[in-house]
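Undergrad: Dropping the structure in here first, questions after.
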Amino acid sequence: DDLIAPVAARHMYPCFFGSALRVDGVEALLNGLEKFTSAVENGSEFGAKVFKITRDAQGTRLTHMKIIGG
């Protein structure tokens, strides 16, 4: 519990090592995220951030978004 505030304030950064391809260390990472972070209240209104725009093989525009609320 004492580490949640420094991590949230970006004064401390937990480090995890592993390989997602070999599924080595993934569970430790997920447990660390749960342990060292707190839930952010996003509200019920829809919200998103566009982080990339690409095109598929047919030329159709694809918008990649991170959904942050709703």
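The values are calculated or read from the model by the stated rules, or taken from the named source; none is laboratory data. Because the structure is a prediction, the values reported are computed rather than measured. For neighbour counting, all protein chains shown are included, and Cβ atoms are generated from backbone atoms with ideal geometry for every residue, glycine included. Side chains included, ligands, DNA and RNA excluded: accessible areas come from the protein's heavy atoms. Shrake-Rupley method; radii C 1.70, N 1.55, O 1.52, S 1.80 Å.
Undergrad: Mind listing whichever residues of region 51-70 are in contact with a Ser or Thr (Cβ under 7 Å, 6 or more places away or on another chain) and modelled with pLDDT under 95?
TA: Answer for region 51-70, where residues must be in contact with a Ser or Thr (Cβ under 7 Å, 6 or more places away or on another chain) and modelled with pLDDT under 95: just Gly70.
Undergrad: Run down Ile68, Ile53 and say which single residue is assigned to a strand (DSSP E or B), of a type in the set (A, V, I, L, M, F, W, C), under 22 Å from Arg10 (Cα atoms) and open to solvent by less than 100 Å² (accessible area, probe 1.4 Å).
TA: On the way: Ile53 fails: under 22 Å from Arg10 (Cα atoms).
So the residue among Ile68, Ile53 that is assigned to a strand (DSSP E or B), of a type in the set (A, V, I, L, M, F, W, C), under 22 Å from Arg10 (Cα atoms) and open to solvent by less than 100 Å² (accessible area, probe 1.4 Å) is Ile68.
Undergrad: Evaluate region 20-31: report whether one residue or more is out of contact with any helix residue (DSSP H, G or I) (no Cβ under 6 Å at 6 or more places or on another chain), under 21 Å from Ile68 (Cα atoms), open to solvent by 60 Å² or more (accessible area, probe 1.4 Å) and among the polar types (S, T, N, Q).
TA: No.
Table: residues versus (1) open to solvent by 80 Å² or more (accessible area, probe 1.4 Å); (2) assigned to a loop (DSSP other than H, G, I, E, B); (3) touching a residue at least 60 places away in the same chain (Cβ under 8 Å); (4) not acidic (Asp, Glu).
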position: Ala5; (1), (2), (3), (4): no, no, no, yes
position: Arg10; (1), (2), (3), (4): yes, yes, no, yes
position: Leu33; (1), (2), (3), (4): yes, no, no, yes
position: Lys49; (1), (2), (3), (4): yes, no, no, yes
position: His64; (1), (2), (3), (4): no, no, no, yes
